[in-house]
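A.B. asks: Dumping the structure here so I can ask a few things about it.
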């Protein structure tokens with residue numbers, strides 16, 4: 001689960017990381033009052049899950065509360081586009097924060113190196129909007145500090161890394177403290193990423209998290225009720241947000257052939273077969289074990305929210321999941337929803353024969369093998 005900036009800063013602030021004063025709102029009419037509370041000189045920041053918001057017009061400086069209100073009116077409801085998000089993301093929430101006078105910008109992040117099975121802290125004195133360019137053109141400007149979870153972070157290694165990064169004396173000790181807090185926040189919240197870009201050194205010598213990005217492992221959310229409550233507000237894609245509300249394991253992709261299966265391995269295999277047949281999968285969707293008819297109908301309904309879909313591949317291998325229950329859900333979905341795309345189903349396992357009989361004389365094309373079904377849906381979708 002990816003956090004918006006305001007959510008990320010709330011989490012980091014709980015661990016003692018200094019952040020600018022501010023408040024998030026979905027009501028454009030509140031912006032003026034928030035700005036006045038903060039002294040008038042503020043930054044209005046679009047809360048969308050994309051990189052390069054500043055370049056896309058999603059970060060505006062205001063010298064007065066009136067100017068902040070005007071920026072908010074121009075920004076709210078607007079689609080921000082970037083290289084990573086060419087279709088754009090609609091601004092539905094704004095963060096209004098006090099302006100800080102920045103003398104220098106640094107970069108700091110904590111993530112997991114799966115190959116080494118260690119945390120890695122990444123430090124650079126060249127932070128800011130073009131950190132990706134820094135990483136590509138001058139990788140030596142980014143210092144990596146590996147942290148073994150068994151031993152934790154030692155002061156000696158931390159200071160050695162900051163020295164290697166050429167961290168200025170004015171920021172050195174404050175950065176060391178911030179890194180410790182970030183590692184603690186990372187491990188205690190099952191995070192996948194914590195990134196501060198930029199870490200700002202202000203003109204009065206304070207180190208502060210001017211921006212923040214946090215991503216938490218979805219599978220750990222049951223441990224953090226307060227974080228889980230904001231899950232639906234933390235998706236860049238509206239269909240993924242709706243899937244989260246419905247309790248469906250769904251990830252949207254760039255293709256146009258929808259995939260529904262039971263079990264993550266089977267779904268991924270189905271996606272591979274679609275690719276092998278010359279198609280492009282539009283999503284990952286695991287209907288889950290023991291899926292009942294209503295859940296299957298829910299999944300089909302979710303799939304049909306994507307207007308780019310040209311075809312649907314349903315791949316069920318019944319063990320705990322009864323195939324006749326899946327068939328009931330598919331038939332119910334076709335009765336109630338406007339499913340106007342080709343659908344190919346491969347259904348095997350528990351109660352498979354009953355399911356196949358139920359699907360006779362419907363629009364669904366049956367196939368006995370996964371490879372045959374993938375080839376068929378590609379053929380029907382692109383003809």
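No value in this document is a laboratory result; all are computed from the given coordinates. Keep in mind it's a predicted model, so treat the numbers as computed, not measured. Cβ coordinates were reconstructed from backbone atoms using ideal geometry, including for glycine residues, and neighbour counts include every protein chain displayed.
A.B. asks: With all pairs of different alpha carbon atoms counted, what Kirkwood hydrodynamic radius in Å does the chain show?
C.D. replies: Hydrodynamic radius (Kirkwood, Cα pairs) of the chain is 23.3 Å.
A.B. asks: Applying 1/(1 + (r/R0)^6) with R0 = 25 Å to the Cβ-Cβ distance of residue 307 and residue 73, what FRET efficiency is obtained, to the nearest 0.05?
C.D. replies: Taking R0 as 25 Å, the efficiency between residue 307 and residue 73 is 0.30.
A.B. asks: Under the 0.36 nm per residue contour assumption, what length would be gained going from the current alpha-carbon distance of residue 21 and residue 369 to full extension?
C.D. replies: Stretched fully, the residue 21-residue 369 segment lengthens by 119.4 nm.
A.B. asks: So how far, in whole Å, is the C-alpha centre of segment 346-368 from the one of segment 157-194?
C.D. replies: Answer, in whole Å: 57.
A.B. asks: Testing the spin-label approximation: label points 7 Å from Cα along Cα→Cβ at residue 206 and residue 137. State their distance in nm.
C.D. replies: Modelled inter-label distance: 3.3 nm.
A.B. asks: Could you give the angle, 0 to 90 degrees to the nearest 10, between helix 370-382's Cα long axis and the longest principal axis of the Cα atoms of the chain?
C.D. replies: 80 degrees
A.B. asks: Oh, and also: Describe numerically, in nm with one decimal, the distance between label points set 7 Å from Cα along Cα→Cβ at residue 156 and at residue 383.
C.D. replies: Placing both labels 7 Å beyond Cα along the Cβ direction yields 7.1 nm.
A.B. asks: Cα atoms only, segment 237-382: Rg and Dmax in Å?
C.D. replies: 13.3, 38
A.B. asks: What is the projected area of the convex hull of the Cα atoms of segment 237-289, averaged over all directions, in nm²?
C.D. replies: With every direction weighted equally, the projected area is 3.4 nm².
A.B. asks: Can you tell me which of 338, 218, 190 moves the most in a GNM of the chain? Springs connect C-alpha atoms under 10 Å apart.
C.D. replies: In this elastic network of the chain, the residue with the biggest mean-square fluctuation among 338, 218, 190 is 338.
A.B. asks: Same structure, new question: On a 0 to 90° scale, report how tilted helix 293-303 is relative to the longest principal axis of the chain, with both axes built from alpha carbons and the result rounded to the nearest 10.
C.D. replies: Rounded to the nearest ten degrees, it is 60.
A.B. asks: Still on this structure: With an 8 Å cut-off on Cα pairs and a minimum separation of 6 or more residues, tell me the relative contact order of segment 135-234 in percent.
C.D. replies: It rounds to 17 percent for segment 135-234.
A.B. asks: Over segment 237-382, what is the mean sequence separation of C-alpha contacts under 8 Å (at least six apart), divided by residue count, expressed as relative contact order in percent?
C.D. replies: Dividing the mean separation by the residue count of segment 237-382 yields 24 percent.
A.B. asks: Name the residue, out of 305, 175, 76, whose mean-square fluctuation peaks in a Gaussian network model built on the chain with Cα pairs under 10 Å.
C.D. replies: Its mean-square fluctuation being the largest, the pick is 305.
A.B. asks: Additional query: Dividing the convex hull volume of the Cα atoms of segment 21-99 by its residue count, what figure in Å³ per residue is obtained?
C.D. replies: 70 Å³
A.B. asks: Hey, what did the chain get for relative contact order, percent, Cα under 8 Å, at least 6 apart?
C.D. replies: 13 percent
A.B. asks: Right, here's the next one. Could you work out how far helix 155-164 tilts from the main Cα principal axis of the chain, as a 0 to 90 degree angle to the nearest 10?
C.D. replies: Here the helix axis deviates by roughly 80 degrees.
A.B. asks: Would you calculate a helix-derived [θ] at 222 nm for the chain, using -39,500 (n - 2.57) for each DSSP H run of n ≥ 4 and dividing by the full residue count, to the nearest 500?
C.D. replies: After summing the helix terms and dividing by the residues of the chain, the value is -10500 deg cm²/dmol.
A.B. asks: Top mean-square fluctuation among 358, 122, 370, Gaussian network model of the chain, C-alpha springs under 10 Å?
C.D. replies: The residue with the greatest mean-square fluctuation here is 358.
A.B. asks: Still on this structure, please answer the following. FRET efficiency for residue 224 and residue 177, Cβ-Cβ distance as r, R0 = 30 Å, nearest 0.05?
C.D. replies: 0.80
A.B. asks: Suppose R0 equals 30 Å; then what is the FRET efficiency for residue 63 and residue 90 from their Cβ-Cβ distance, rounded to the nearest 0.05?
C.D. replies: So, using R0 = 30 Å, E works out to roughly 0.65.
A.B. asks: While we're on this one: So, in nm, how far is label residue 237 from label residue 354 when the simple model puts each one 7 Å beyond its Cα toward the Cβ?
C.D. replies: Those two pseudo-labels are separated by 3.4 nm.
A.B. asks: Let me ask something else. When N is the residue count of segment 268-323, what does its C-alpha Rg come to as a fraction of 2.2 N^0.38 Å?
C.D. replies: 1.19
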